[in-house]
Amino acid sequence: MADQSKFSKMLSRIVKEKSSSNEDACNFNETCSDSQKNKLPFSISDEYRTFDNHPLWLKISTMKDLASRFGIEDPFFKLQENVHGTLTTVRGKECINFSSYNYLGFNDHPGLRKTAMVAVETFGTSVGASRLVAGERGFQKDLECKIAGFYRKPEALVFVSGHATNVSTISTLFGSEDLIVYDSLCHNSIIEGILLSGARYFPFAHNDLQILEKILMTNRSKYKRVLIVTEGLFSMDGDVPNLPELIAIKEKFGCILMIDEAHSLGVLGKTGHGLFEHWAEINTLKQCSGVYSQKNVNELMELYSSSVDIWMGTLSKTLASCGGYIAADSKIISILRFYAPGFVYSVGISAPAALSANKAFELMEKEPERIYKLRSNAQLFRKLVSSKGINTGRSEGFSVIPVIIGSSHQAIKASEELWNKGINVQPIIHPAVEEQQARLRFFITSEHTVEQIVETTVALQEVAKKIGLIK
């Protein structure tokens with residue numbers, strides 16, 4: 001606690017120092033701008049000719065100064081010196097890696113490597129322009145057909161950026177006469193899309209569907225289209241929403257339902273189909289008195305998938321490629337194809353990216369044991385960490401497991417201590433999460449070994465004791 005108090009005092013001192021220097025700079029600039037008054041009917045402060053005093057730069061420089069004074073290494077933008085798998089080399093040191101969402105180990109899979117190399121040799125590294133301008137390629141359509149079939153939807157559309165997929169889709173489909181209600185822990189790309197749309201919006205407390213229903217009861221009648229948007233597997237907390245209840249609320253209030261599957265594709269469900277397979281399995285066991293019926297699972301998968309209007313996902317996680325996608329009905333896809341800026345004004349997805357993603361879908365279907373191994377590893381990791389008295393937050397034991405530290409300073413320190421022990425894990429600090437929720441975020445993959453998991457949890461216990469997180 002004394003260390004934390006010292007940290008807070010140091011932060012206040014640095015902020016005051018910067019504020020003082022900024023005031024001096026402003027006074028100087030006002031004096032220097034006298035000559036401009038003879039040329040223009042207004043004065044322009046030199047402060048606004050550069051980004052020296054930009055609020056975001058001041059935040060960055062303050063944190064850099066603080067880290068320097070406390071002797072803390074910058075934990076971000078570390079140079080990775082080899083393939084990002086279960087092992088990585090950082091600053092010449094080989095570490096067990098928990099900072100990659102290579103969930104099923106496809107990033108260094110020989111089949112994907114070969115597919116990408118053949119794609120480059122056959123089609124080159126780029127398609128050269130947007131699909132509206134340069135035309136379609138067979139590999140682009142093949143991937144979209146694969147995604148549409150995967151989600152039981154008529155069509156799909158692939159973007160070159162996962163972030164841009166959410167931003168462009170939400171801002172294109174909704175406007176000022178609409179309402180968007182979203183989970184308070186939704187990803188930044190969803191929030192940016194909402195802001196750009198001009199729609200009215202309300203967050204609801206994380207996974208609290210009673211609050212969601214109250215918001216809709218009060219506001220639904222005031223707007224035309226109403227979007228409910230949430231994530232399939234939350235990327236910071238590792239928990240999931242209740243899909244059947246969301247569908248019931250959506251139908252009751254006549255809303256549009258959108259699910260972001262970025263972290264749930266390849267992770268949730270026996271075959272990696274994501275949230276709708278996950279809930280189909282849960283409710284099959286309930287309906288069949290604990291007996292697993294594949295026929296019943298398939299029927300529920302059809303029901304749940306068709307009840308979600310917009311499925312969004314990314315190609316960069318389980319699929320080890322780059323880009324994003326939307327699976328929906330033909331009208332929605334047509335609107336996005338002609339009007340979504342992130343699609344219309346961006347280059348089309350390249351052959352290496354498209355064909356690699358398609359190959360990853362194929363491998364996921366052929367090698368379902370990877371999904372089982374991922375689940376087994378994640379549950380083991382969470383069990384071992386929890387048994388040591390360390391808080392894993394809301395995680396349900398899938399691919400994302402946070403370790404709640406409760407202070408940005410301590411989270412950075414814990415990350416550095418673990419790196420010293422040969423473990424690479426990133427801190428998640430304010431403002432990405434609330435200060436008291438600062439954490440280490442562990443991405444578990446199918447390729448981690450039991451030995452690596454045990455070694456990591458032992459090291460984590462030692463570090464937790466050293467920083468006073470546990471006794």
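Miscellaneous remarks
- Check on S197, crowded, with 16+ Cβ neighbours inside 10 Å and polar (S, T, N, Q): yes
- Looking across region 137-159, the residues that are assigned to a loop (DSSP other than H, G, I, E, B) and not charged (D, E, K, R) come down to Y151, P154.
- Among the residues of this structure, T457 counts as one that is modelled with pLDDT of 90 or more, touching a helix residue (DSSP H, G or I) at 6+ places or on another chain (Cβ under 6 Å) and not in a strand (DSSP E or B).
- Residues (surrounded by fewer than 23 Cβ atoms within 10 Å (Cβ to Cβ) and within 26 Å of the chain's Cα centre (by Cα)) located in region 279-300: E281, I282
- Scan region 238-265 for residues that are assigned to a helix (DSSP H, G or I) and over 29 Å from S395 (Cβ atoms) and the total you get is 3.
- Filtered residues of region 172-213 (kept if in contact (Cβ under 8 Å) with a residue 60 or more places away in the chain and under 17 Å from Y339 (Cα atoms)): T172, L173
- Filter result (aliphatic (A, V, I, L, M) and surrounded by fewer than 21 Cβ atoms within 10 Å (Cβ to Cβ)) within region 165-185: L185
- Verdict on R131 being touching a Gly at 6+ places or on another chain (Cβ under 7 Å) and among the basic types (K, R): yes
- All of K373, K388 fail the test of being basic (K, R) and closer than 30 Å to G71 by Cα, apart from K388.
- Matching residues, region 112-146, being surrounded by 15 or more Cβ atoms within 10 Å (Cβ to Cβ) and charged (D, E, K, R): R113, R131, R137, E144, K146
- Any hit, region 362-378, residues being touching a helix residue (DSSP H, G or I) at 6+ places or on another chain (Cβ under 7 Å) and under 30 Å from V463 (Cα atoms): yes
- Of the strands (runs of 3 or more DSSP E) entirely within region 171-237, those holding at least 3 residues that are assigned by TED's automatic domain parsing to the domain that holds D260, among the β-branched types (V, I, T) and within 19 Å of the chain's Cα centre (by Cα) occupy 226-231.
- Test: A432 is farther than 30 Å from K270 by Cβ, aliphatic (A, V, I, L, M) and either in contact with a Gly (Cβ under 8 Å, 6 or more places away or on another chain) or not assigned by TED's automatic domain parsing to the domain that holds K270 (or both): yes
- Those residues of region 39-85 which are in contact (Cβ under 8 Å) with a residue 12 or more places away in the chain, in a loop (DSSP other than H, G, I, E, B) and charged (D, E, K, R), in sequence order: D52, E73, K78
- Every residue from region 86-123 that is assigned to a loop (DSSP other than H, G, I, E, B) and either aromatic (F, W, Y) or under 16 Å from Q426 (Cβ atoms) (or both): T86, R91, F98, S99, S100, Y101, N102, Y103
The values are calculated or read from the model by the stated rules, or taken from the named source; none is laboratory data. Computed from a predicted structure; not experimentally measured. So basically every Cβ, Gly included, is an ideal-geometry build from the backbone, and we count neighbours across all protein chains shown.
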